Each structure stands twice: as C-alpha cells, then as structure tokens.
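Report on the following structure.
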Amino acid sequence: MSYIRIIPSLLLSKNKLVKGTKFKNHEAAGNPVSTIKAFESQKADEIILIDIDNYNQSKGNFVPDLNTLKEISKETSTPLTFGGGIQNLNIAKQIIENGAEKIFLNRSVLFNKLNIKEFVETFGGQAIVIGLNIVNIKGKLKIYEKNDEDLYRYIEKMQKLGVGEFKITFVENEGTKKGMDIKICRELQKIISISCIFEGGIGNLEHIKYLAMNKISSIAMGRILIFNDYNIFKIKTFLKNENFNVRI
C-alpha cells in the first residue's frame, strides 16, 4: 500500500531556520532542533534540511553545519535528508555519520563538481536525492541555476546513474502559497521513473488534496507549516478523511 508522504522542507542559516519567497528575502523561522522535534511529534514522514550558507558558496573549502545536524539526530528519529554545498565524498560520509539518512545534492552535481556515480556506489542510490529547482522561461521549463542545461536530458542522465530520488521545487511558486502547476507536475511524472518529491507554493489543504488526487504521493512544504496554523497531524487527518492513505 502506498502512502502520501508529508515532508517538512527546511532551510538552515547560521544555526537557525529561515524561510524565503522565490529563493529570496529569507526571514527567521525558528530553532532547528525544537522545530524538527515538533514535526516529529506531528508524524512527519521525513524531514529535508538544507544548509543554505554553505549551499550558496561558489568556491573554497566549506563544510555544512554538521553540529546542528548532530544535535537534531540526537533528539529525533524521523528520517532526515541533509544537504547544502557538499563538496566531496568525505563531507557526505560525515553527513551520514552524523545522523542523516539521505544526502541532498544539487549544484555540485549540476556543475560537474562531483562524480555522482561514485556517490551512488558508496551510499547506494536510495540515499541520494537530486534537487531540481525549476523555472519557466518563455514557456519552457529550465533549471534555475543553469538555464542552458536541458532539463529532460539531465533527469534521464541522473536516473541512468542510479540516483534514488528527485526533489523538484518550483522557484516561482516557492513561499507564495498560490499552489502548484499540476500540468507541469504531470509532465515531469511522465519522464521520471524514480521517487519524486514536489515542492513550491502549497498554501492550504485543498492544494494538498489536489496534488494527492493527481497521484503526487510525496509532498514537501515549508511556509504553510512554519508560519500558518497548520500542523502535519491536521493535514494527515484531512487527507485520511478524504480517503487517502497516510501514516498517523
């Protein structure tokens, strides 16, 4: 039996959680340890945490906030995906050693700084999540960080290399609470054969229901959980009452 997964998607900066809109204007969003403990008590299926301080660095030997990751792992048991500017295999190993179940990779793979095959062979494909930040440019879907990269070929390449999961974020919807473009979700689902998490724009329960109705089973969200009167248990109860399978 398949279940709808509700996944808090959180950003880490200077040991604190932050949240922005369309990848800009980040504001304080709480303590990472206490927030994730709360999400665990609400029955989050997984947690995604990305260190954006490290993620935004373009050069130099930077290391993600492993101390915060370690603190979280001591206090919680919910499966955690962690990422942000991972520069090499050694840092990825430290992330796993400090409690993460999966490694989130994006720009380092996109700009060919990492050998993704080596990561798959070391950790297993199920532990590798590839981030895809999507924008619409003149009616065509593009990758936010690298517009000249063919999105569909890149997806196919990652699948052939054995990665286990994609996390697709709609940049222009992120933090806006205006909902997702289901047509684009369906289009991407046709070419994606592995697990895929969708994120960007969820603002209410009806948005979540609409995604579930369209067979989107892994839903990540941030603002609706952090700044609005929704908790994961409330969302799951709503979905259960609408006859969708959820873990409560």
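The values are calculated or read from the model by the stated rules, or taken from the named source; none is laboratory data. Every value quoted in this text rests on a predicted model; they were computed, and no experiment measured them. When we count neighbours, we look across all protein chains shown, and the Cβ atoms used for this are built from the backbone with ideal geometry, even at glycine.
Tell me, yes or no, whether the range 201-223 has at least one residue that is closer than 28 Å to Asn115 by Cβ and either surrounded by 14 or more Cβ atoms within 10 Å (Cβ to Cβ) or in contact with a helix residue (DSSP H, G or I) (Cβ under 8 Å, 6 or more places away or on another chain) (or both).
yes
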Criterion: among the hydrophobic types (A, V, I, L, M, F, W, C) and either closer than 17 Å to Ser2 by Cα or surrounded by fewer than 20 Cβ atoms within 10 Å (Cβ to Cβ) (or both) - qualifying residue of Phe233, Phe166: Phe233
Residue count, the range 143-153 (criterion: within 26 Å of Arg5 (Cβ to Cβ) and either over 18 Å from the mean Cα position of the chain (by Cα) or buried (at least 17 other Cβ atoms within 10 Å of the Cβ) (or both)): 4
Residue within the range 29-42 that is assigned to a strand (DSSP E or B) and hydrophobic (A, V, I, L, M, F, W, C) present: yes
Residues being over 13 Å from Asp45 (Cα atoms) and among the hydrophobic types (A, V, I, L, M, F, W, C) - total across the range 216-237: 5
Selection status of Gly175, under 23 Å from Asn136 (Cα atoms) and surrounded by fewer than 21 Cβ atoms within 10 Å (Cβ to Cβ): no
Members of the range 126-142 found to be more than 16 Å from Val171 (Cβ to Cβ), of a type outside the set (Val, Ile, Thr) and either buried (at least 18 other Cβ atoms within 10 Å of the Cβ) or touching a residue at least 40 places away in the same chain (Cβ under 8 Å) (or both), listed by number: Ala127
Test for Thr176: is it polar (S, T, N, Q) and either touching a helix residue (DSSP H, G or I) at 6+ places or on another chain (Cβ under 6 Å) or over 27 Å from Ala92 (Cα atoms) (or both): yes
Condition broken by Lys240, with the remaining ones in (1) over 21 Å from Asn106 (Cβ atoms); (2) within 16 Å of the chain's Cα centre (by Cα); (3) of a type outside the set (Ser, Thr, Tyr); (4) modelled with pLDDT of 95 or more satisfied: (2)
Output for the range 7-37, where each listed residue is touching a residue at least 24 places away in the same chain (Cβ under 8 Å) and either among the polar types (S, T, N, Q) or out of contact with any Leu (no Cβ under 8 Å at 6 or more places or on another chain) (or both): Ile7, Ser9, Ser13, Lys14, Asn15, Thr21, Lys22, Phe23, Val33, Thr35, Lys37
Matching residues in the range 136-152 - criterion: being polar (S, T, N, Q) and either modelled with pLDDT under 90 or part of a loop (DSSP other than H, G, I, E, B) (or both): Asn147
Residue match in the range 42-51 (condition: over 20 Å from Val129 (Cβ atoms) and in contact (Cβ under 8 Å) with a residue 24 or more places away in the chain): yes
Matching residues in the range 110-124 - criterion: being surrounded by fewer than 18 Cβ atoms within 10 Å (Cβ to Cβ) and either modelled with pLDDT of 95 or more or of a type in the set (D, E, K, R) (or both): Lys113, Lys117, Glu118, Glu121, Thr122, Gly124
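Yes/no matrix, rows are residues, columns are (1) part of a loop (DSSP other than H, G, I, E, B); (2) modelled with pLDDT under 95; (3) over 25 Å from Thr237 (Cα atoms):
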{"position": "Gly179", "(1), (2), (3)": "yes, yes, no"}
{"position": "Lys183", "(1), (2), (3)": "no, yes, yes"}
{"position": "Glu187", "(1), (2), (3)": "no, yes, yes"}
{"position": "Ser193", "(1), (2), (3)": "yes, no, yes"}
{"position": "Ile197", "(1), (2), (3)": "no, no, no"}
{"position": "Gly203", "(1), (2), (3)": "yes, yes, no"}
{"position": "Ala220", "(1), (2), (3)": "no, no, no"}
Residues within the range 185-200 that are among the polar types (S, T, N, Q) and surrounded by 14 or more Cβ atoms within 10 Å (Cβ to Cβ), tallied: 2
